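Accompanying notes for the structure given below.
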Amino acid sequence: MNDEKRPMNPLPTKQRQSSVDLALQIRRTTVEMTSRANASHIASCFSVTDILAVLYSRVLVFDPQQPRWRDRDRFILSKGHACAALYAVLAEFGFFPKEWLETYYLDGSRLAGHATHKGVPGIEVSTGALGHGLPLATGMALAGKRDERAHRIFCVLSDGECDEGSNWEAALFAPHHRLDNLTVIIDYNKIQSLGWVKDVIDLDPLADKWRAFGWAAREVDGHDHAALEALLTGVPFEAGRPSCIVAHTVKGKGVSFMENNLQYHYTPPRGDELPRALAELGVK
Amino acid sequence: MRNAFFNAVFALAREDERIVLMVGDLGFRIVEGFMAERPKQFLNAGIAEQNMMSMAAGMALEGKIVFAYSIANFPTLRCLEQVRNDVCYHGARVAIFCSGGGFTYGSMGVTHHVTEDLAVTRAMPGLTVIAPGDPIEAACVPAAIIAHDGPFYVRLGKAGEPNIHAGPIDFQRGRAITVREGDDVSLIATGSMLLVATRAADRLKADGINARVLSMHTVKPLDLDAVEAAAAQTGVILTIEEHSIIGGLGAAVAEYLAERPGAGPRFKRLGVPSAFASEIGSQDHLLAHFGLTEAGVAQTAKQMLAS
Ligand SMILES: Cc1ncc(C[n+]2csc(CCOP(=O)(O)OP(=O)(O)O)c2C)c(N)n1
Ligand SMILES: [Mg+2]
């Protein structure tokens, strides 16, 4: 990597808010966004929240004032159904006004129920059909290498999404082309749309699969900020290899009655569940 | 519609062990009972539509009749070559069905809008393409699938659409159903737009205009007799679909009319222009944005009658 080519980080991570505070704020915001709009996927947001918080407050190089700045790190949320959490992060950093979040999923909004790039600063690509993000990220990483740029590409996949063959096509390709500017993070919450991952199509041993494809793979507790930060600031783990982080997570993490409860893939907290959820998130 | 279709599949599967229901990790709160009751006739293929479609063809070639379910574009566009080569070319008895047709999942964004499926499936040799207009029609489709030896694509809406037909219907693959009689203008609708068409016809009636409403539930093979009768007996034909104006019902009718000898009726396709929705919004919001409302249809019909 040509690190010396890279201009100064416009928003040094030291000046950013703590990832723990950010994660709490995202959870509060996303539960309100999804409940207001009666939108799905709150549990999917909660499992990836800590990963997003650490990435945006401690790892990614970006400038909210110039969302298309050429040297920014690229982030792709391939599990586009968890976009509410990503929108909340982007608004926290000022990519767009926080008021937009209040329109999430509503008529006339810019913020659709799957990550949408059109008119939304900070969203690199539209996702929502699973299995597109990693191939897109791989293309970006290849372009970055060919252009000898120093920026990096980070992509979050869900575990159920790993059923899609397209991911494994990219997984074969990236090590062959020595794309060590590419990092994939798998939100391994063990649940997909119709039940447990191990009952639908078992992925274990997941990290070994990526290793066998030529990736430098590590496992981590996906809610442990210090551990996440240590890994994410340490990529590439091996020169010449793309990095894979299997993040063990809990779907619905942060609100007890949503944890490991498939219902909250589909419905937001309703009625008195909303104040209960907010109370668990420390909102009085 | 979705529930009516599923329930009909469950009922047929209890009588016919060849039937297998295959889902792409979807069907929460719909399929669980059937999954427990008939595990040998059920499969969750995971989130892997290409593999699912080829497996469906493989099972069908071994004598099964496979109903393969997912939402939005996933069982069609995502695996189109599997549909073409493995299902259609082999004449495999696979009935692909999706819920979420058109803008059903409007607020979920463009990746969940299904507005080119009729075009691409219509182009597949041997594939019957059906978009039922209400739950009563949807409930009839599985039996029509079992009665015909060949592959199907069925586009459904969601749950909770109203019934449009007043009573039992004579549902036949490739035969339009006349929902309103009339000789001034023909409104030919498919799928969810049947409701809009019938309501538009009621509006026109109040203005003394008699609109014929055809439920063109089968987009392929198209009921040419019904189109011909509409062309001969009414001066104006409007097609209405929650789909791109390219390649769907309107295009199918236009192709027929353009090659038909003699002077044609005045004709217009109502649908979605070839553009991604620039608005975020619910199904109703997007339909209004594209003029696919009873008022929009009635107004277009009047303008065409006046021109
Ligand atoms: C290609 C494709 N198929 C199916 C779907 C429907 N779908 C949305 S989320 C989801 C699975 C959710 O489970 P997982 O991938 O593990 O994500 P999680 O919410 O647990 O992070 C499915 C099947 C989709 N969005 N894209
Ligand atoms: Mg999961």
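Here are a few things to note about the model shown:
- Calculated FRET value between B:Arg29 and B:Ala232, using beta carbons and R₀ = 45 Å, to 0.05: 0.40
- Semi-axis lengths (Å, descending) of the ellipsoid that matches the C-alpha gyration tensor of segment A:175-279: 32, 17, 10
- Each of A:Leu77, B:Ala232, B:Gly33 was placed along the dipole of the protein assembly as shown (beta-carbon charges, centred on the mean Cα), and the one lying farthest toward the positive end is A:Leu77.
- Spatial separation of Cα centroids for segment A:210-274 and segment B:102-161, in angstrom: 36
- Gyration tensor (Cα) of the protein assembly as shown, equivalent ellipsoid semi-axes in angstrom: 45, 26, 23
- Whole-number accessible area per residue in Å² for segment A:1-137, which is evaluated in the context of all protein chains at 1.4 Å: 36
- For segment A:58-104, chymotrypsin sites (Phe, Trp or Tyr not before Pro) meeting the loop criterion (DSSP other than H, G, I, E, B) and having at most 15 other Cβ atoms within 10 Å: A:Trp69.
- The heavy atoms of A:Glu124 offer some 30 square angstrom of accessible surface to a 1.4 angstrom probe.
- Using the Cβ-Cβ distance between B:Asp16 and A:Ala239 with R0 set to 56 Å, the FRET efficiency works out to roughly 0.40.
- Most simply put, segment B:171-307 has about 20% antiparallel DSSP beta bridges, counting only bridges with both residues inside it.
- The value for chain B of Rg(Cα) / (2.2 N^0.38 Å) is 0.97.
- For segment A:97-163, size of Cβ-based charge dipole, Lys and Arg +1, Asp and Glu -1, in debye: 340
- Summarising the strand pairing of segment B:10-151, around 5 percent of its internal DSSP beta bridges are antiparallel.
- If you sort the three axes of the alpha carbon gyration tensor as a ≥ b ≥ c, you get a/c of 1.5 or more for segment A:197-245 and a/b no higher than b/c, which makes it oblate.
- Each chain gives up part of its surface: A and B jointly bury about 2200 Å² of accessible area, both sides summed, for a 1.4 Å probe.
- Delta accessible area of at least 20 Å² on complex formation, residues of segment B:101-150, 1.4 Å probe, chain isolated as reference: B:Ser107, B:Met108, B:Thr111, B:His112
- Three-way shape call for segment A:61-190 based on the alpha-carbon gyration tensor, with the a/c threshold at 1.5: oblate
- For segment B:269-295, backbone nitrogen atoms closer than 18 Å to the point 7 Å from B:Ser307 Cα along Cα-to-C-beta are found at B:269-274, B:291-293, B:295.
- For B:His243, nonlocal amide neighbours, meaning residues 5 or more places apart or on other chains whose placed amide H falls under 5 Å from its own, are B:Val272.
- DSSP bridge analysis restricted to chain B gives an antiparallel fraction near 15%, rounded to the nearest 5.
- Karplus (6.51, -1.76, 1.60) ³J(HN,Hα), θ = phi - 60°, over segment B:22-30, in Hz, Gly and Pro reported as x: 10, 10, x, 6, 9, x, 4, 6, 10
- Net length available on complete extension from A:Gln65 to A:Arg36 is 7.6 nm, with 0.36 nm assigned per residue and the Cα-Cα distance removed.
- Kirkwood Rh and Cα Rg combined as Rg/Rh, segment B:2-155: 0.92
- The mean of 1/r over all distinct Cα pairs in segment A:18-280, once inverted, gives the Kirkwood hydrodynamic radius of 18.2 Å.
- Considering only the Cα atoms of segment B:16-93, their convex hull presents on average a projected area of 4.8 nm².
- Value of relative contact order over chain B, rounded to a whole percent, pairs C-alpha under 8 Å and six or more apart: 16
- Length released on extending from B:Ala36 to B:Asp207, taking residue separation times 0.36 nm less the Cα-Cα span: 56.1 nm
- Per residue, the average separation of C-alpha pairs within less than 8 Å and at least 6 apart gives segment A:18-280 a relative contact order of 23 percent.
- Volume of the Cα convex hull of segment A:75-143, divided per residue and given in Å³: 79
- B:Arg175 paired with A:Ala279, simple spin-label distance in nm, labels 7 Å along Cα-to-beta-carbon: 6.2
- Accessible area of segment B:214-277 divided out per residue, in Å², using a probe of 1.4 angstrom: 39
- Placed amide H near A:Thr267: partners under 5 Å, 5+ positions off or other chain: A:His41
- Integer Hz, Karplus 6.51/-1.76/1.60 couplings in order for segment A:7-18, x for Gly and Pro: x, 4, 5, x, 10, x, 4, 4, 8, 8, 5, 5
The values are calculated or read from the model by the stated rules, or taken from the named source; none is laboratory data. Note that the coordinates shown come from a computational prediction; the quantities given were computed from them, not determined experimentally. Cβ coordinates were reconstructed from backbone atoms using ideal geometry, including for glycine residues, and neighbour counts include every protein chain displayed. For the accessible areas, the whole protein counts, side chains as well, though only heavy atoms, and no ligand, DNA or RNA atoms are used. Shrake-Rupley method; radii C 1.70, N 1.55, O 1.52, S 1.80 Å.
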